[in-house]
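Below is one structure; the comments refer to it alone.
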Amino acid sequence: MTVRNSDRFIFAFNRIEKSMEKVSGLSSFMSFPRLIDKSKHLNAVIRKFEQDLRECGDLRNAIVHNRTGMEYAIAEPHEDIVELIEYIDRELSKPVTVADLFLRKVHILQATDTLASGLNLIREKKFNQIPIYQGNKFIGLITATGITYWLADNMTDEIISREMPTLLDIYSHEKQKNTYRFIRMDLSVYEAEEYFKKSVAEGKRLEALLITENGRPEEKLFGIITPLDLMKID
């Protein structure tokens, strides 16, 4: 027996409605638009798909209000719409986390390592930034911008100082040091995306999100997310 698109749509819609009631703590007597208004402040998936959800609410009304019987629906949603609402349902039920997509071996260096070590790692791995530590203590990120500033400050009569600097020397030339945030590994990718969007809206530079188990700097680093990484999965 073939399941109709309208039935698939209503099933997913009802699940989403229940999920939003759970998120917001509101009852089923609340209208769907009102549920969106209340729960979007508490859930990044709802914020991400807010407009889609509002349009699906209108379509649900067209399907349900125009049913003439259990065997007939006057409006049959397009397959793409059904797949979208089923996708939103899955994401609300079990959102993809940063751990699902971005856990990997992280290459770190010590603050006492030389610039040559950093440049070798950048060349081999094509990194844009390198986390540096003093022992187990996180210090910050070495970026191409910081290296450029060091070169500019150490250039005299077109001759660069022959003394090989440490990465801590380079880090002292980073003009903006607070360009990262630590995040917990169970954070959803939608919440991670919002960190970058917020930084752009505020006119601040955010180079990377650093993943640890609970989002604390003293914990082991499990992954790094850059804006480009998130663009690749959109």
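From the list S199, S172, pick out the single residue that is hydroxyl-bearing (S, T, Y) and within 15 Å of the chain's Cα centre (by Cα).
Criteria check complete, one pass: S199.
Mind listing whichever residues of the range 195-226 are of a type in the set (S, T, Y) and open to solvent by less than 40 Å² (accessible area, probe 1.4 Å)?
Passing the criteria: S199, T212, T226.
Among the residues of the range 171-180, which ones are at pLDDT 90 or above and either in a helix (DSSP H, G or I) or open to solvent by 80 Å² or more (accessible area, probe 1.4 Å) (or both)?
Within the range 171-180, just Y171 meets the criteria.
Since T145 meets every condition but one in (1) open to solvent by less than 20 Å² (accessible area, probe 1.4 Å); (2) of a type in the set (V, I, T); (3) assigned to a helix (DSSP H, G or I); (4) without any contact (Cβ under 8 Å) to a residue 40 or more places away in the chain, which condition does it not meet?
Tallying (1) open to solvent by less than 20 Å² (accessible area, probe 1.4 Å); (2) of a type in the set (V, I, T); (3) assigned to a helix (DSSP H, G or I); (4) without any contact (Cβ under 8 Å) to a residue 40 or more places away in the chain, T145 fails exactly one: (1).
If F49 satisfies all but one of (1) open to solvent by 70 Å² or more (accessible area, probe 1.4 Å); (2) modelled with pLDDT of 95 or more, what's the number of the condition it fails?
Going through (1) open to solvent by 70 Å² or more (accessible area, probe 1.4 Å); (2) modelled with pLDDT of 95 or more one by one, F49 breaks only (1).
Residue under question is P165, and the condition is that it be surrounded by fewer than 17 Cβ atoms within 10 Å (Cβ to Cβ) and either modelled with pLDDT under 90 or more than 22 Å from K94 (Cβ to Cβ) (or both); does it hold?
In short, no.
I'm trying to understand the selection: among the residues of the range 210-229, which are among the hydrophobic types (A, V, I, L, M, F, W, C), within 13 Å of the chain's Cα centre (by Cα) and within 12 Å of P131 (Cβ to Cβ)? Before you say what the answer is, go through the steps one by one.
First pass over the range 210-229, keeping only residues among the hydrophobic types (A, V, I, L, M, F, W, C): 210-211, 221-222, 224-225, 228.
Of the ones still in play, those that are also within 13 Å of the chain's Cα centre (by Cα) are 210-211, 224-225, 228.
L210, I211, I224 - these are the residues of the range 210-229 that are among the hydrophobic types (A, V, I, L, M, F, W, C), within 13 Å of the chain's Cα centre (by Cα) and within 12 Å of P131 (Cβ to Cβ).
Restricting to the range 184-194, and then to whatever is surrounded by 17 or more Cβ atoms within 10 Å (Cβ to Cβ) and within 10 Å of the chain's Cα centre (by Cα), can you tell me which residue is farthest from F138 (Cα to Cα)?
Selected residue: Y190.
Quick one: in the range 94-133, of everything that is open to solvent by 30 Å² or more (accessible area, probe 1.4 Å) and assigned to a strand (DSSP E or B), which residue is farthest from T226 (Cα to Cα)?
T114
Which condition does R54 not pass, out of (1) farther than 20 Å from S188 by Cα; (2) at pLDDT 90 or above; (3) over 24 Å from the mean Cα position of the chain (by Cα); (4) open to solvent by 30 Å² or more (accessible area, probe 1.4 Å), if it passes all the others?
So R54 meets the others, but not (3).
The values are calculated or read from the model by the stated rules, or taken from the named source; none is laboratory data. Computed from a prediction, not measured in an experiment: that's the story for all the values here. FYI the Cβ positions are ideal-geometry reconstructions off the backbone, even for glycines, and counts take in every protein chain you see. Please note that ligands, DNA and RNA were not included when accessible areas were found on the heavy atoms of the full protein model with its side chains. Shrake-Rupley method; radii C 1.70, N 1.55, O 1.52, S 1.80 Å.
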